[in-house]
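Below you'll find the structure, written out as structure tokens, and then a few comments.
The values are calculated or read from the model by the stated rules, or taken from the named source; none is laboratory data. Because the structure is a prediction, the values reported are computed rather than measured. Reconstructed Cβ throughout: ideal geometry from the backbone, glycine too, with neighbour counts over all protein chains shown. We work out accessible area using only protein heavy atoms, side chains counted, and drop any ligands, DNA or RNA first. Shrake-Rupley method; radii C 1.70, N 1.55, O 1.52, S 1.80 Å.
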Amino acid sequence: MAGDQLRAYQQMTKELRVWMESMDGDEIHTKKAVVLVQLLRLSEITSGFVRDDKGVAHWFKDHAKGKALDEIVTDHMPDKLVIFCHWRPECIHYAERYKEHGTSILFGGIEGRDRDAIIEEFRTSPSLKILVCQESSGGIGIDLSAAALCVYASRSWSLEAWLQSNDRLRGPNQKREVGTLTLQARSWIDTRIAAVLEDKEDTAEVINRDSLKEEAA
């Protein structure tokens, strides 16, 4: 990150640190919802935008992840790819950003029939190269094997969303090796999300392994 984006991140980090240091442990526990909101705002900044008082997203010029994704898209064309995002404003932003390549959006609230039509168009249309999916809605019960590369512009704290969305490109119709790229800002919040997901994944593997041992005993 650089410029206004970096300054915004540093300022919010400073405010969060000062606020948390001013409270004792009990206060932090009772105000954990406020802490969560602050962490979400930090994640939005690393994604490239801030919201105003009305919830409208305002994007930083030349935000870091956008610049990195520009290079990936350029290098990958004309092959299809999927961009996963945690935030809905990101879906809209990247669909507009890469519309010259042919884009479509898939996020929460889209009816099943419309969702199926979007996926079918992505599968069959040579002019639709990029599908931008909200991680949670683009991850369950759909086949995105028309692409062999997915890029995560951002991720949530949810292991289920991470694993299920990643598997959508690895359906039975996939004939190629699938690549996964995760854009991670040089920031505490992105590093922490990655660490939490890795810990959850390791824990899930241990539980599954122990369960199989019990069944075999």
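Here are some notes:
- Between the alpha-carbon centres of segment 152-174 and segment 100-120 there is a gap of 17 Å.
- Three-way shape label, the chain, alpha-carbon gyration tensor, a/c 1.5: oblate
- Carbon and sulfur %, accessible surface of the chain computed with the full protein complex present, 1.4 Å: 51
- Inverse mean reciprocal Cα-Cα distance (Kirkwood Rh) of segment 37-76, Å: 11.1
- Measuring only protein heavy atoms, the 1.4 Å probe finds R88 accessible over about 100 Å².
- Converting phi to 3J(HN,Hα) with the Karplus coefficients 6.51, -1.76 and 1.60 and the offset θ = phi - 60°, segment 126-135 yields x, 8, 9, 9, 10, 10, 9, 10, 5, 3 Hz in sequence order, with x at every glycine or proline.
- Relative contact order computed over the chain (Cα-Cα under 8 Å; 6+ residues apart), in percent: 18
- Amide H within-cut-off set for L169, under 5 Å, with H built and near neighbours excluded: L144
- Accessible area per residue for segment 27-114, computed on protein heavy atoms with a 1.4 Å probe, is 55 Å².
- The Cα-based radius of gyration of segment 128-200, divided by its Kirkwood radius, gives an Rg/Rh of 0.98.
- Student exercise, the chain dipole from Lys, Arg, Asp, Glu Cβ charges, in Debye to nearest 20: 520
- The slack in the chain from Q11 to K67, taken as 0.36 nm per residue of separation less the alpha-carbon distance, amounts to 17.9 nm.
- Residue by residue, segment 78-87 carries 3J(HN,Hα) couplings of x, 6, 6, 8, 10, 10, 9, 9, 7, 9 Hz when phi is fed to the Karplus relation 6.51 cos²θ - 1.76 cosθ + 1.60 (θ = phi - 60°); x denotes Gly or Pro.
- With at most 10 neighbouring Cβ atoms within 10 Å, loop GluC sites (Glu not before Pro) (DSSP) excluded, longest segment of the chain: 1-110
- Most mobile of I118, I110, I142 in a GNM of the chain (Cα contacts under 10 Å): I110
- Gyration tensor over alpha-carbon atoms, segment 94-178, equivalent ellipsoid semi-axes in Å: 18, 15, 14
- Residue-averaged 222 nm ellipticity for the chain, from DSSP H runs of 4+ at -39500 (n - 2.57), nearest 500: -17000 deg cm²/dmol
- Compared with the direct C-alpha span, the chain from E21 to W59 gains 10.7 nm at full extension, assuming 0.36 nm per residue.
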